[in-house]
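Worksheet for the structure shown next.
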Amino acid sequence: MTREQRLAETFVEVADSLIDDFDIIDFLQRLSARCVELLDVTAAGILLADSHDDLQIIAASDEHTRLLELFALQHDQGPCVECYRSGAARTGIDLADPATAAQWPVFAPRALATGFTTTHALPLRLRNRVIGALNLFHTKQSTLGDEDITLGQALADVATIAILQQRTLEQSHTEKGQLQTALTSRIVIEQVKGILAERWQLPLDDAFDLLRKYARSHQLRLVELAQQVIDGTADAALIVGEAGHRPGAG
Amino acid sequence: MAEALRKLGRGTEDLAAICAEALDADGVAVSLVLEHNHTELVWSSGAASTYFEDLQFTLGEGPGPDAVRSGSVVMVHDLLRVSAERWPALLPALDGHTVSTVCCFPLGIGAIRLGVLTVLRHPARALSPDEADDALVLASTLTGMVLDGGMSGSRRDAPEPPRVLHRAVVHQATGMVSAQLEVPLAEALLRLRAHAYSHNRTVSEIAEDVVARRLRFHDDDTGLLPPAGKRG
């Protein structure tokens, strides 16, 4: 498939998804995966600012803890923090450059150790304010061309629109309220990953996949399913069992 | 935990008034969710907000209970213009009371629902985006206070800022400890924090140990056992 075809497919998927009661976490996770394909990067993540202006990871192209932690490190340093504060894209950052390490002494070495050599950060913009950042990682030296940056920014804008389109109880349309709802959904999912991982002695990295597979095949929103697991109204054994894991097998 | 949460309410009348003034509100109230989903008003400013909180939580319906259940902000521009079937018991009971704009900000972390901050205005005036931002920061600060209130007796010199509690590993560990002890998430988080305080380590460090399965909580006096495979 050419990039144009993949792009067209992405936009159809977006249009199909932004309906009345869509699943924001699942949507942003798919969008992150699309970023990886379309921009030819290794990993992508979407970060949102919380009420204290700290960046929190909301969705990533893959849910491995190692990658999630790399995003989490950027609550106070890294290209996303800079991008969020300045509102300007930071692209083609060489993680092996000593100047980068000097600038972000915790983030840069950890990103290198995870196997990445280049990173980019694009702002999630809403009119004149910035609500977060789209973060891209590469395992090889690379630059994003002007076209790539334009496309990346379009995908970041789609993420912003989706976050503000979430159906909330009162359609309050307060922007920060919408961000808060998305962040809360993400936290609920992390809590449930812990419950599933412990109860069935699974790796944490598998818990998200199981939850997502079950939610998709039963047309449930991830956060609804997660809440049901917490409330004890969902049969968690089914979630684990359907995915071919034998409960208790470890 | 209920007793600890109640302590937060003592001597905070000034705080309620300060918050009301800062948010240009005619009433501000904070209610906390205690055991068995029982809700208790811990502080309020203004007779209207006290009455409104009592009514909502007695009837079990209204924007406050909705915010607690959903974990989302609930804003009602004018209660008098809400269709009657939305809150069929609450709305008729408000007849003649001066409550118009109601904004409810949930207190909690993910699925842990600790309570709700309610801002009232009469006559109806929407919160500006900046005021809504302030209310969200206040709700987050109150969440930190409620959690610290639950930690009475093991206070540290430098309490961890609430934002540290927003790391994914802490939420994952909370879920794991909740499954280990078969307790609600709120209690699991308190146990994590209590362990961190008593061992002079950060919650993040303890959470990392739990997630790496180097540390397991067990419901006995010490509260801890080595990982399952290394036991005995």
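The values are calculated or read from the model by the stated rules, or taken from the named source; none is laboratory data. Owing to the predicted nature of the structure, the values given are computational and were not obtained by experimental measurement. Don't worry about glycine lacking a Cβ; one is built from the backbone with ideal geometry, like all the others, and counts go over all protein chains shown.
Of note:
- Any hit, the stretch A:95-116, residues being among the acidic types (Asp, Glu) and outside any loop (DSSP other than H, G, I, E, B): no
- For the stretch B:63-90, the tally of residues that are within 9 Å of chain A (Cβ to nearest Cβ) and among the acidic types (Asp, Glu) stands at 1.
- Applying the set (1) within 14 Å of chain B (Cβ to nearest Cβ); (2) among the aliphatic types (A, V, I, L, M); (3) touching a Pro at 6+ places or on another chain (Cβ under 6 Å) to A:Ile93 leaves exactly one unmet item: (1).
- Within the stretch A:190-209, the residues that satisfy the criterion of being hydrophobic (A, V, I, L, M, F, W, C) and more than 8 Å from chain B (Cβ to nearest Cβ) are A:Trp200, A:Leu202, A:Ala207, A:Phe208.
- Selected residue (only one of B:Gly108, B:Gly115 is in a strand (DSSP E or B) and more than 14 Å from chain A (Cβ to nearest Cβ)): B:Gly115
- Taking first residues from the stretch A:124-149 that are not assigned by TED's automatic domain parsing to the domain that holds A:Pro79 and surrounded by 12 or more Cβ atoms within 10 Å (Cβ to Cβ) and partners that are at pLDDT 90 or above and among the hydrophobic types (A, V, I, L, M, F, W, C), no Cβ contact under 7 Å between residues at least 6 apart in sequence or on separate chains turns up.
- Qualifying residue in the stretch B:49-56 (condition: more than 14 Å from chain A (Cβ to nearest Cβ) and among the hydrophobic types (A, V, I, L, M, F, W, C)): yes
- The condition (being within 26 Å of B:Leu114 (Cα to Cα), touching a Leu at 6+ places or on another chain (Cβ under 9 Å), surrounded by 23 or more Cβ atoms within 10 Å (Cβ to Cβ) and of a type in the set (A, V, I, L, M, F, W, C)) is satisfied by just one residue among A:Ala159, A:Ala182: A:Ala182.
- The set of residues in the stretch B:62-76 that are crowded, with 18+ Cβ neighbours inside 10 Å and either part of a helix (DSSP H, G or I) or at negative phi (or both) comprises B:Pro63, B:Gly64, B:Pro65, B:Asp66, B:Ala67, B:Val68, B:Ser70, B:Ser72, B:Val73, B:Val74, B:Met75, B:Val76.
- Residue match in the stretch A:105-116 (condition: in contact (Cβ under 8 Å) with a residue 60 or more places away in the chain and buried (at least 19 other Cβ atoms within 10 Å of the Cβ)): yes
- Any chance B:Leu90 is surrounded by fewer than 17 Cβ atoms within 10 Å (Cβ to Cβ) and among the hydrophobic types (A, V, I, L, M, F, W, C): no
- Screening the candidates A:Ile25, A:Ile46, A:Ile57 for the property of being surrounded by 17 or more Cβ atoms within 10 Å (Cβ to Cβ), modelled with pLDDT of 95 or more and of a type outside the set (Asp, Glu) yields one hit, A:Ile46.
- Taken over the stretch A:210-222, the criterion of being touching a residue at least 40 places away in the same chain (Cβ under 8 Å), in a helix (DSSP H, G or I) and either basic (Lys, Arg) or within 9 Å of chain B (Cβ to nearest Cβ) (or both) is satisfied by A:Arg212, A:Arg216.
- Contact map, the stretch B:30-50: residues that are part of a helix (DSSP H, G or I) paired with residues that are surrounded by fewer than 19 Cβ atoms within 10 Å (Cβ to Cβ) and among the small types (Gly, Ala, Ser), Cβ distance under 8 Å, separation 6+ or inter-chain. Pairs shown: B:Glu35/B:Ala2.
- Scanning the stretch B:165-207 for residues that are closer than 20 Å to A:His52 by Cβ, among the β-branched types (Val, Ile, Thr) and either assigned by TED's automatic domain parsing to the domain that holds B:Ala111 or in contact with a strand residue (DSSP E or B) (Cβ under 9 Å, 6 or more places away or on another chain) (or both) gives B:Val170, B:Thr174.
- Flag for B:Val146 being within 12 Å of chain A (Cβ to nearest Cβ) and modelled with pLDDT under 95: no
- Filtering the stretch B:48-61 to residues that are surrounded by fewer than 24 Cβ atoms within 10 Å (Cβ to Cβ) and touching a strand residue (DSSP E or B) at 6+ places or on another chain (Cβ under 8 Å) leaves B:Ala48, B:Thr50, B:Asp54, B:Phe57.
- Among residues of the stretch B:160-175 that are more than 7 Å from chain A (Cβ to nearest Cβ), those with a beta-carbon under 9 Å from a residue that is surrounded by fewer than 24 Cβ atoms within 10 Å (Cβ to Cβ) and at pLDDT below 65 at least six positions away or on a different chain give the pairs B:Val170/B:Val164.
- Check on A:Ala102, over 29 Å from B:Gln172 (Cα atoms), without any contact (Cβ under 8 Å) to a residue 40 or more places away in the chain and more than 14 Å from chain B (Cβ to nearest Cβ): yes
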